[in-house]
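Just below is one structure, and these are the notes that go with it.
The values are calculated or read from the model by the stated rules, or taken from the named source; none is laboratory data. None of the values given here were measured: they were computed from a predicted structure. Reconstructed Cβ throughout: ideal geometry from the backbone, glycine too, with neighbour counts over all protein chains shown.
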Amino acid sequence: MQLNPQPSKFKTNPQARVSFKTQHSKLKTKLRKMSKKTIIQKKSFDFALKIIELYKKLIAENEYIISKQVLRSSTSIGANVEEASAAQSKRDFIHKMSISSKEARETRYWLRLLNEGALTQLDVSPLLSDIDEIIKILTSIVKTSVENKRRWE
């Protein structure tokens, strides 16, 4: 018995091949964005948990001002990332991620003050490394999103 395979739709319809490649490319882009988003969601949440522990230690050392500032700015990073994941438009997404980036930079400022200002004996250098990584990720997300937005306009 001999099988009579039907001809591939790619051979008979070259536009089907182009359409498939376009869809495949869009899917790869979407997956790459999703993985970046989930990475930043996880990292910002984990970072906020670390900052909460730092906050408790700073309060125990009677440091109330900067501890509160670093708590507010650091927890705002993840909150804005989460809001961005439910953005109503590309512009809204970029706006929320930009706010997260600004909050991350503010957090780095407060951590540097704690580190270099001799306000505490606690070692915040691992947190400075974490926030630098978060800033790089957020900067990449914002830049890529802005470039993609321009490309599709």
Scan region 122-134 residue by residue and report those that are free of Cβ contacts under 8 Å to residues at least 40 places away in the same chain and outside any helix (DSSP H, G or I). Asp123
Do we find that Val81 is surrounded by 13 or more Cβ atoms within 10 Å (Cβ to Cβ) and closer than 12 Å to Leu138 by Cβ in this structure? yes
For region 93-116 the number of residues that are under 17 Å from Ile40 (Cα atoms) and either free of Cβ contacts under 8 Å to residues at least 24 places away in the same chain or under 13 Å from the mean Cα position of the chain (by Cα) (or both) is 12
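Results for (1) over 18 Å from Ile134 (Cα atoms); (2) modelled with pLDDT of 95 or more; (3) not in a helix (DSSP H, G or I), shown as yes or no for each residue.
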site: Arg17; (1), (2), (3): yes, no, no
site: His24; (1), (2), (3): yes, no, no
site: Leu27; (1), (2), (3): yes, no, no
site: Ile51; (1), (2), (3): no, yes, no
site: Ser67; (1), (2), (3): yes, yes, no
site: Leu71; (1), (2), (3): no, yes, no
